[in-house]
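To keep things clear, I will list the structure first and then write my remarks on it.
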There are 2 protein chains.
Amino acid sequence: MSSKKRTTIHDIAKKLDITASTVSRALKDHPRISDATKELVIKTAKEMNYQPNSIAAALRRGTSNLIGVIIPNIDRNFFASVVRGVEDVLNDTNYNVIICQSNDSLEKEKSNIKALLEAQVDGIFASYAKETTDFSHFEDIVNRGIPLILFDRMQDVFNVDAVVIDDYLGAYKATEHLIEQGCERIVHFAGPENVSIYRDRRRGYEEAMKRSHLSVDEDLIIHSDLKLESGKRLAEEILEWNELPDAIFSASDYAAMGAMEVFKKHDIEIPQDIAVVGFSNESFTSLIDPGLTSVDQHSKKMGQFTANLFLDRLKDKSKDHTPTKTVLNPELIIRGSSLKKVEQPQDQKIEPEHINT
Amino acid sequence: MSSKKRTTIHDIAKKLDITASTVSRALKDHPRISDATKELVIKTAKEMNYQPNSIAAALRRGTSNLIGVIIPNIDRNFFASVVRGVEDVLNDTNYNVIICQSNDSLEKEKSNIKALLEAQVDGIFASYAKETTDFSHFEDIVNRGIPLILFDRMQDVFNVDAVVIDDYLGAYKATEHLIEQGCERIVHFAGPENVSIYRDRRRGYEEAMKRSHLSVDEDLIIHSDLKLESGKRLAEEILEWNELPDAIFSASDYAAMGAMEVFKKHDIEIPQDIAVVGFSNESFTSLIDPGLTSVDQHSKKMGQFTANLFLDRLKDKSKDHTPTKTVLNPELIIRGSSLKKVEQPQDQKIEPEHINT
DNA sequence: GTGAAAGCGCTAACAA
DNA sequence: TTGTTAGCGCTTTCAC
């Protein structure tokens, strides 16, 4: 009783003694079908509990209205939020979103792409796996004529549409803010030098220091894996110094938080004694006390821009598009951990710059 | 040049001067095709850069190999983790997963179901929206003969396969643990009484108290929305009491964390003066200092069980199955916030009980 | 071991 | 305004 045969447009047509094409058109609100027929068809469809078969339509039209999104990890706040942004935009269209996780594995990423391609997706948005250095599987997508847009992570070697964030600028803003608060001896918790985002963040820090005529002291730049535990360890080390720094700009919220915990335990006041700024605006930054000032990467906006870029691409499909790199402007979210002076309004600008490459 | 026509099995057939059916069979490793032909076909397919069209296959077979998962929110750790569990299991099959978000909205939930049904999914796993009280749109799924499994949230009024967690038991374990640590005046931060999970957690708390011959003092049960701010507010109130409690069992990690912050600020030692236990094992519980003891809901396991239940259902499709309720055993994750005595090994049992309803 | 042929449910020229 | 017809790419029964 549960799985009786599904109703098709032919069933409706037979019942109404018209043809399937008329039913199809009526359901699609085709302009050249009489209102009477439309009404009748729609009514009967409802009565017969008709459910369109989008697979059949997709096969016929050659377009699935499916968009594949490949992310390293669904349970990382940042990516979840990007997906939200994508869906925000695509919900108003008739595209549906399929999400795949690569778990930062190259193999999984390849099989994800294979599955999406087989599902005849109309576009793929991806943030590639950490393992990925060869992009031939991504090139396959482009070669098949399917729009591909990379977000968050990108490589200059592989020229394709991309939406990324300006890590350099984020770090610059963070450091500048600390300087405005009166800090001069600012420690930077830096990440591995072989990862481009960490190099960029370090550059941003250094540049902000220089612009304010503060010396860049190599001793104040400490490299680590930026995990919570490292933050704790580094804070312990700093406490041994002859002269304490007056601020820390960490390239990761986790390391920043670890350091804050150690400082608090040693009764060092934050931000009075040492101000702290992190990076990524992880959700816990607003939960802890004091709140951790951090650089927001506009994850949701990133998703929205990615989806919109895709929709734009569709319009000038004919034209042979040059890949566009959209760089989002990060936003400094100021919280208690860095606010030595009077409160100040938040910077709310998030306009992206478009750079043709 | 980019979007040339895709190769089909007919193209391969023509090139090899055989028929499409042979190609299809060779690609599917059909037993009655000679090894020579198979090899040849596979080789040529690769050469011609053939990509199967799973949509066409789906239409023909009447099964899409797509599973739809509906969750309230992708950026809630718990749900993201459930999805991971689902994928863990389904990755080894030829099912692919489509994720939809309802944003806890009934309307969105309905449209998600519509989209999934149109995509001809072979099954739907869902955690319904908070707004949902009428389940007719879910009944539609069942009536169409498509397997539906609810997870996390469920209603006894709607009899369908479900995988849930035992909130009562989780609360019981948490309270029992506090009692074992020597606590007697245990405050319970309770949630809204109209939500079943909060009622269950309260019952677990009360039962554990009674079993240990401790009185259940209504004054120690405080209701709120369980947000971080409420936790702070309640902690401030508690500090005004004549006699401080020796522990708090909060039905939410957020409220627990808020309280911890206030206590720490007032130099109340955790866990020595007041022990704290939360619920949900949110990711921040292991980040803060001391770590917050919490009840883990086995989100990943929940996803795995859901997927496995689906696979089981497929086997006895003929048989008219009675809905099964799978209740997962929550696990208490013990951290610094409640550990007054010597360290003890963690309870690792996570075996579910199967209860036929 | 392979071929022929039909058809999944829908759409879209082309006709009328 | 509606009907006719063909076919998207694949699978599968029935032949041989």
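Averaged over its residues, the protein assembly as shown has an accessible area of 47 Å² per residue, based on protein heavy atoms and a 1.4 Å probe.
Counts of other chain beta carbons within 10 angstrom of each beta carbon in peptide A:143-149 average 3.
Of all the options A:Glu243, A:Glu39, A:Glu282, the one that moves most in a Gaussian network model of chain A with Cα springs shorter than 10 angstrom is A:Glu39.
Accessible-area rank, largest first, for B:His30, A:His321: A:His321, B:His30, with all protein chains present and a 1.4 angstrom probe. For B:Ile221, the residues whose amide H sits under 5 Å from its own are B:His188, ignoring neighbours fewer than 5 places away on the same chain, with H placed 1.01 Å from N. What is the distance in Å between the Cα centres of region B:253-321 and region A:268-304? Taking the Cα centre of region A:268-304 as reference, the centre of region B:253-321 is 24 Å away. Remark: mean inter-chain Cβ contacts per residue of A:44-54 equal 3, using a 10 Å Cβ-Cβ cutoff to other protein chain atoms. Mean per-residue shielding of peptide B:263-276 is 0, counting Cβ atoms of other chains within 10 Å of each Cβ.
Taking a straight Cα-Cα cut-off under 16 Å and skipping sequence neighbours fewer than 8 places away in the same chain, the lysines within cross-link reach of B:Lys110 are A:Lys46, B:Lys130.
With the cut-off at 1.5 for a/c, could you classify chain B from its C-alpha gyration tensor as rounded, prolate or oblate? Kindly include the intermediate steps, with their values, before the conclusion.
Working: a/c = 2.85, a/b = 2.49, b/c = 1.14.
It is prolate, given that a/c is not under 1.5 and a/b is the larger ratio.
Given H placed 1.01 Å from N in the peptide plane, which residues other than close sequence neighbours of B:Glu184 have an amide H under 5 Å from its amide H? The list, which skips near neighbours in sequence, is B:Asp246.
Karplus-derived 3J(HN,Hα) values for region B:191-205, using 6.51 cos²θ - 1.76 cosθ + 1.60 with θ = phi - 60°, are x, x, 5, 7, 9, 4, 4, 6, 4, 4, 5, 5, 4, x, 4 Hz; glycine and proline are entered as x. Sorted from closest to farthest, the other copies place their A:Asp156 label points 6.5 nm away, with each point set 7 Å from Cα along Cα→Cβ. Mean-square fluctuations from a GNM of chain A, with a 10 angstrom spring cutoff on Cα atoms, peak among A:Ala259, A:Ala174, A:Ala26 at A:Ala26. Could you compute how much accessible area chains A and B hide from each other, both sides summed, with a 1.4 Å probe? Nearest 100 Å² is fine. The summed interface area works out to 4600 Å². Residues whose amide H comes within less than 5 Å of that of B:Cys100, counting only those at least five positions distant or on another chain, are B:Val69, B:Ile70, B:Ile71 (H built at 1.01 Å from N in the peptide plane). Taking all protein chains together and a 1.4 Å probe, the residues A:Thr175, B:Thr63, A:Thr133 rank A:Thr133, B:Thr63, A:Thr175 from largest to smallest accessible area.
Sequence-ordered 3J(HN,Hα) estimates for region A:132-149 from the Karplus curve with 6.51, -1.76 and 1.60 and θ = phi - 60° stand at 6, 10, 9, 10, 5, 5, 6, 5, 4, 4, 4, 5, 7, x, 9, x, 10, 10 Hz, glycine and proline given as x. The distance from the alpha carbon centre of region B:133-149 to that of region A:1-54 is 22 Å, rounded to a whole number. Expressed per residue, the C-alpha convex hull volume of region A:9-52 stands at 58 Å³.
Computed per residue of the protein assembly as shown from DSSP H runs no shorter than four, each worth -39500 (n - 2.57), the mean residue ellipticity at 222 nm is -12500 deg cm²/dmol. In the elastic network of chain A, a GNM with C-alpha springs shorter than 10 Å, the most mobile of A:Thr93, A:Thr19, A:Thr132 is A:Thr19.
Label point of A:Leu106 (7 Å along Cα→beta-carbon): distances to the other copies' equivalent points are 5.2 nm, sorted ascending.
Let me make sure I get this right: for the protein assembly as shown, a, b and c are the square roots of the gyration tensor eigenvalues over alpha carbons, sorted descending. Under 1.5 in a/c it's rounded, otherwise prolate if a/b > b/c, else oblate. Which is it? The shape class here is oblate.
The candidates A:Lys108, B:Lys43, A:Lys301, arranged from most to least accessible area with a 1.4 Å probe in the full protein assembly, appear as B:Lys43, A:Lys301, A:Lys108.
Shown for the protein assembly as shown: the carbon plus sulfur share of the solvent-accessible area, taken with all protein chains present and a 1.4 angstrom probe, equals 47%.
In nanometres and ascending order, the distances from the B:Lys340 label point to those of the other copies are 4.3 (point 7 Å from Cα along Cα→Cβ).
At the residue level, A:Asp75 shows approximately 50 square angstrom of accessible surface with a 1.4 angstrom probe and all protein chains present.
The values are calculated or read from the model by the stated rules, or taken from the named source; none is laboratory data. Because the structure is a prediction, the values reported are computed rather than measured. Here Cβ is always computed from backbone atoms with ideal geometry, including for glycine, and neighbour counts include all displayed protein chains. Remember, those area values only see protein heavy atoms, side chains included, never the ligands or the DNA or RNA. Shrake-Rupley method; radii C 1.70, N 1.55, O 1.52, S 1.80 Å.
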